[in-house]
Number of protein chains: 2
Amino acid sequence: MTRFRVAVHIVPRKGVLDPQGKAVSDALHALGFSAVHETRVGRHLVLDLDAADRSAAESSVRGMCDKLLANPVTEDYEIAGVTTP
Amino acid sequence: MTRFRVAVHIVPRKGVLDPQGKAVSDALHALGFSAVHETRVGRHLVLDLDAADRSAAESSVRGMCDKLLANPVTEDYEIAGVTTP
């Protein structure tokens, strides 16, 4: 078993309202950052886990996303990277 | 001016307690994912903005992180990528 570090992005689905992103955009505009058009706010998870190899680590994290970490109705997830810490 | 899409990771600093990450780890263990050792939960922001070039877009987003998006006492941020959407 090797220790792997897997990074996951969980973001609101396209077409799903993102009120947190809207609030951030509005706050940025109020601070003078008027070049900002849109902001999406998601979660960035970093998981340290033991797995036999890189692909086992990735598929294990996909299982976690499907079962707990991401809401399949409103969110998409992607594995951003698998490294050895 | 070109439209750029900048992705930012904002994560709790090393050494700062991450109760959300601890809660996720505990929930994963309860679901049988016992190989997970540690989970850190941060934010993943995707900003669409206009800028003269790639480095201007990146430095503009660094300013946003310093002024609004990240808490400098408890969080670190990194620019994860600059693309043209």
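The values are calculated or read from the model by the stated rules, or taken from the named source; none is laboratory data. Everything quoted here is computed from the prediction, not taken from an experiment. Virtual Cβ from ideal backbone geometry, glycine too; neighbours counted across all protein chains shown. We work out accessible area using only protein heavy atoms, side chains counted, and drop any ligands, DNA or RNA first. Shrake-Rupley method; radii C 1.70, N 1.55, O 1.52, S 1.80 Å.
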Accessible surface of region B:2-83, 1.4 Å probe, proportion on carbon and sulfur as whole %: 55 percent
Most mobile of A:69, A:45, A:28 in a GNM of chain A (Cα contacts under 10 Å): A:28
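Enter the accessible area per residue of region B:2-83 (Å², integer; probe 1.4 Å; all protein chains in place).
51 Å²
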Size of charge dipole - region A:2-83 - debye, nearest 20, with Cβ of Lys, Arg +1 and Asp, Glu -1, no other charges: 20 debye
Local electrostatic count at residue A:76 - Lys and Arg +1, Asp and Glu -1, tallied over other residues with Cβ under 13 Å: +1
Label spacing, shortest first and in nm, from residue A:67 to its equivalents in the remaining copies (7 angstrom along Cα→Cβ): 4.5
Ascending list, in nanometres, of distances separating the residue A:20 label from those of the other copies (7 Å, Cα toward Cβ): 0.5
Shortest-first nm distances, residue A:1 label point to equivalent points in other copies (7 Å, Cα→Cβ): 5.3
Chain A: calculated mean residue ellipticity at 222 nm from DSSP helix runs of at least 4, using -39500 (n - 2.57): -8500 deg cm²/dmol
Chain A, closest residue to the rotation axis toward B, by beta-carbon, whole angstrom: A:44, 2
For the pair B and A, total buried accessible area rounded to nearest 100 Å², probe 1.4 Å: 2700 Å²
Using alpha-carbon coordinates, inclination of helix A:54-64 to the longest axis of chain A, degrees: 60 degrees
Rounded tilt (10° steps) of A:19-30 against the dominant C-alpha axis of chain A: 50 degrees
